[in-house]
1. For the list (1) of a type outside the set (V, I, T); (2) surrounded by 21 or more Cβ atoms within 10 Å (Cβ to Cβ); (3) touching a strand residue (DSSP E or B) at 6+ places or on another chain (Cβ under 9 Å), I need the number of the one condition that P301 fails.
2. Considering only residues of the range 59-70 that are free of Cβ contacts under 8 Å to residues at least 40 places away in the same chain and in a strand (DSSP E or B), which is most open to solvent (accessible area, probe 1.4 Å)?
3. Report, by residue number, each residue of the range 690-707 that is among the charged types (D, E, K, R), more than 23 Å from A722 (Cα to Cα) and either outside any helix (DSSP H, G or I) or open to solvent by 30 Å² or more (accessible area, probe 1.4 Å) (or both).
4. Just to be sure before I move on: is C503 open to solvent by 30 Å² or more (accessible area, probe 1.4 Å) and hydrophobic (A, V, I, L, M, F, W, C) in the structure I sent?
5. I need the full set of residues from the range 721-754 which are basic (K, R) and closer than 15 Å to R707 by Cα, in order please.
6. Among the numbered criteria (1) in contact with a Pro (Cβ under 9 Å, 6 or more places away or on another chain); (2) closer than 22 Å to F644 by Cα; (3) outside any helix (DSSP H, G or I), which one does A687 miss?
7. Answer with yes or no whether L154 is of a type outside the set (S, T, N, Q), touching a strand residue (DSSP E or B) at 6+ places or on another chain (Cβ under 6 Å), in contact (Cβ under 8 Å) with a residue 24 or more places away in the chain and open to solvent by 10 Å² or more (accessible area, probe 1.4 Å).
8. Determine whether D616 is open to solvent by 30 Å² or more (accessible area, probe 1.4 Å), under 16 Å from G475 (Cβ atoms) and within 24 Å of the chain's Cα centre (by Cα).
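The values are calculated or read from the model by the stated rules, or taken from the named source; none is laboratory data. Because the structure is predicted, anything quoted here is derived from the model rather than measured. With ideal geometry, Cβ positions are generated from the backbone for all residues, glycine too; neighbour counts draw on all protein chains shown. With ligands, DNA and RNA removed, areas are computed over all heavy atoms of the protein, side chains included. Shrake-Rupley method; radii C 1.70, N 1.55, O 1.52, S 1.80 Å.
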Amino acid sequence: MQGGHDDNFTLFGGRRGTRSAAPIPKGPLVRIVVERGIDDPGTADGLTYRALDENIHIGDRVVVPLGKAGRPTGGIVVDVETDEAPDNARPAYRIKPVLERSDSRLPAPLLDLARWMAGYYASPLGMVLATMVPAAVKHQTGRRIVRLVGVGSLDEPARQAVLNGLRPTARRAWDQVAALHASTFPIAAKELASRLEHKTLAQINALLRAGLLIPVEQATIRSAEAFWKDGQPASDPAPTLTPDQARCIDGIAACFGTFGVHLLRGVTGSGKTEVYLRLIDRLLPTGKSALVLVPEIALTPQTVGRFERRFGEVGVAVLHSGLSASQRHRQWMLAASGRAPIVVGARSAIFAPIRNLGIVIVDEEHDHSYKQDQAPRYNGRDVAIKRGQIERCPVVLGSATPSLESWHNARSGKARLWELPNRVGGGALPPVDIVDLLTENRLRAMATKKSESRELHAIGPTLESGIDRTLGEGGQVILLLNRRGFANYICCPSRACGWMLSCDQCDAGMVLHRDNRLPRGGVVVCHHCRSEQRIPAVCPSCGRPPLPLGVGTQRVEEELLAKFGRSQGLELRTTMLRVDSDTMRSGRDYFEALASFERGQVRLMLGTQMIAKGLDFPNVRLVGVVNADTAVFMPDFRAWERTFQLVSQVAGRAGRGIHPGRVIVQTACADNRAIRLAANHDYTTFADEELKMRELAGRPPATRMARIVCRDEDDAKARDAADRIADAARKLASPSVEIVGPMPCTLARLHNQYRFAVEFTAPRASDIQRILHELRARRLVVGDAATAVDVDPLSFM
């Protein structure tokens, strides 16, 4: 082989003989879709290969030679041919053989799901299948062969003859072995000796030599635990249900065995997770499995621990980005083997190879992290609904603030609505105070000296007073600011100059990150391409010192230490934590931070949206939103929806214990409808009014959308590619399809590539699908780095 490939190496463990010496494959012809972005209609159904032997099935993952060079490439078997001459024009000896077959297999429903995704999201089938199987499974990370012992298959006369020839000690050992349950085997020899209370392996070896026990080789995956324990009790007694919970459980459980979408809208603290647990508890005796999706940032030990404590003896597999490669492989195989009939995971867990799926649950279904930002750009919530349809099982979508798409489906009868309007235990939702930042800043300026009034205060007087009082009374505080760094705007102090520091790779400003270990006390970073620059000493245009403006979590952290460090004993990384992607480098960091907050060691936690959901801490008495306006003015028709959801979700963290909670929202848009209705906990009014506005504007969910973005380092090439797509699409489109563009994207250049978008809007998804399929057939839209196809887009930047 060329390229330094070791012919004796196998991706799936062990070694094999050289291919030149291998016998000619005698297996059937198979159709295999290779895990590549091959966007050719002629190969959509796969390529033909010859299997090694008869032991091959649809869904098996294999390695095949691809191209003239025969490069080993992974793929999935999608068909096993019964006709020995599928292509009469090509002699059978020219058909290439399968090189490897792994022990991982995708169930038939996942193959059906992959075909649907390839069509709906306009993505090559091979790319979709590559997404379904984790890299750790492809490379068999952590796999090793262990030698165990099992019971031989001798018949009774032969067994008695062997026993008669053994010593009494060996016969007694066999009697002990025969008394063990059949499920005990295969078992490690040392573990078997320990169970039999033998100090040595002498009698085990005697039984092996006699053939009563036999050696067994078994593949296993070596890894640590899949998640960190959260310090909760080993068992979790089920609480008494509220009447609303019981009604929802009974209604949804009555639909087991049939497909249907159930929207569970429950206020924060209403017990949605308990509804999920009880539904699974009712499902398991039927022999079915359950799949639970949770947003990545909400997949905490607290969340997983509840499932583990309730169903640990049954088997729970956990899939999320915080796992090591071997952990992910082990959890995937637990699901595939059926040893874990419950899978809890983030977006990609929707592809878990569970069999006999009986329910799919999507918690926080509105969360935008369910949307993948790379091809195939699927929405995990929508794929979950399709998988439920294929598997003929109910799909439960849970949220305190459902997406308008789900709310629209419930209002139109496409989904059934179940509601939990009250908190468990009779607790009330916390009162929300909207604080006008402009008014607060004027009051502060009037009350301070002229020199002090120029200081930037992210924490206004009302929030400052609330923090001081809550900490003084022994309560805990959560502060949300969905913007990391110290300052997000670095410019010249002279208005006449107008210079602003921007990224040299993107049309975006640079964000200042403080670090006293670096020259000039920090570095400026682009949050899009992650390129870094030194902090400029002077404005390059006029020579004045640059001015950092804007507020990020670092700046708020400094302000909190200055205001409460001495008076309330706050210390960084001990009693006060900043939780954002700069400080939480791994899942372990995040989990340990939450654990210290739960223990009460950390009294104040400041963070981005990482702390906005999935947390249940009874001593949190104050939640502060430092700036509710970070999403209000985004150039996106969903901006107000996101603002409402973020404020509502973080507000729900307060007042979950015996102490009443309070929420303070700082904003420069105190009259904004989304913020005002979120403060009133009035989702229904907001959602119904927003649906009317979307319908008048012709925006989803009243319509369907798709977006194609052309990218190139050459501005003219990117524009020309978008022009060709737009021109062809307009000729293909029916009168009901609106095509806008090409136009520069809001961020017209990212990663040193110019970007032009073409947007499609239509009453039905099928109207857009027809155009996309034809554009792909004409090779105008290809699944490559230069073209991005986004169906049902959530971001328009």
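1. It fails just one condition, (3).
2. First, pick out the residues of the range 59-70 that are free of Cβ contacts under 8 Å to residues at least 40 places away in the same chain: 64-68.
After this cut, where a residue has to be in a strand (DSSP E or B) as well, the list is 64-66.
On the way: V64: 0, P65: 13, L66: 44 Å².
Among residues in the range 59-70 that are free of Cβ contacts under 8 Å to residues at least 40 places away in the same chain and in a strand (DSSP E or B), the one most open to solvent (accessible area, probe 1.4 Å) is L66.
3. At the first step, the residues of the range 690-707 found to be among the charged types (D, E, K, R) are 690, 692, 694-695, 699, 704, 707.
With the extra rule that they be more than 23 Å from A722 (Cα to Cα), the set shrinks to 690, 692, 694-695.
Correct list: K692, E695.
4. Working: open to solvent by 30 Å² or more (accessible area, probe 1.4 Å): no; hydrophobic (A, V, I, L, M, F, W, C): yes.
Here the answer is no, as C503 does not meet what is asked.
5. Pass one, the range 721-754, residues basic (K, R): 724, 730-731, 749.
Of everything in the range 721-754, those that are basic (K, R) and closer than 15 Å to R707 by Cα turn out to be R724, R730.
6. (3)
7. Working: of a type outside the set (S, T, N, Q): yes; touching a strand residue (DSSP E or B) at 6+ places or on another chain (Cβ under 6 Å): no; in contact (Cβ under 8 Å) with a residue 24 or more places away in the chain: yes; open to solvent by 10 Å² or more (accessible area, probe 1.4 Å): yes.
No.
8. Working: open to solvent by 30 Å² or more (accessible area, probe 1.4 Å): yes; under 16 Å from G475 (Cβ atoms): yes; within 24 Å of the chain's Cα centre (by Cα): yes.
Spelling it out, D616 is indeed open to solvent by 30 Å² or more (accessible area, probe 1.4 Å), under 16 Å from G475 (Cβ atoms) and within 24 Å of the chain's Cα centre (by Cα).
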